[in-house]
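Okay, structure first, notes after.
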Amino acid sequence: MNLEQYFPVLLFIIVATAIGMALLMAGRLLGPHKPYAEKLSPYECGFEAFDDSRMRFDIRYYLIAILFIMFDLEIAFLFPWAMAYGTVGIVGFWAAMIFLSILVVGFIYEWKKGALDWE
């Protein structure tokens, strides 16, 4: 195997890294630096950070995360199915309907348990 064949790949990686670094540096140098309290506040978990990093999170945070992952995976599985809809036939159609019905049952379960009510 000749290593000269991999030179375009190496060149692509070098150029992509250089462009990425140049854009990051340009944004850092040219962008505004105006931090304020709301911008610096925590937003992921929904509450202020405390001293202890091992504190417990509210279970609703995990339920919303699981719900997001569930519907994200649903879309990831339905795109290929939609693209091959003409070739999968009636078996593929009913397999997708069973898949969607299981997801709907899970969504209704989370809705009834109050996982979507964020207070």
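What to note about this one:
- Note that the range 104-111 has calculated 3J(HN,Hα) couplings of 5, 4, x, 5, 5, 4, 5, 5 Hz, one per residue in order, obtained from phi through the Karplus relation 6.51 cos²θ - 1.76 cosθ + 1.60 (θ = phi - 60°); glycine and proline are x.
- For the range 52-119, a simple Cβ point-charge model (Lys and Arg +1, Asp and Glu -1, everything else neutral) yields a dipole of about 140 debye relative to the Cα centre.
- Calculated FRET efficiency for the pair residue 61/residue 81, C-beta based, R₀ 30 Å, to 0.05: 0.45
- Förster-model FRET efficiency, 30 Å R0, residue 108 and residue 88, C-beta, rounded to 0.05: 0.65
- Diffusion of the range 52-119 by Stokes-Einstein, at 20 °C in a medium of 1.002 mPa s and with Rh set to the Kirkwood radius over alpha-carbon pairs, works out to 153 µm²/s.
Since every read-out is calculated from the coordinates, none of them should be taken as a lab result. Fair warning: this is a prediction, and the values are worked out from it, not measured in the lab. All Cβ positions, glycine included, derive from the backbone under ideal geometry; neighbour counts span all protein chains shown.
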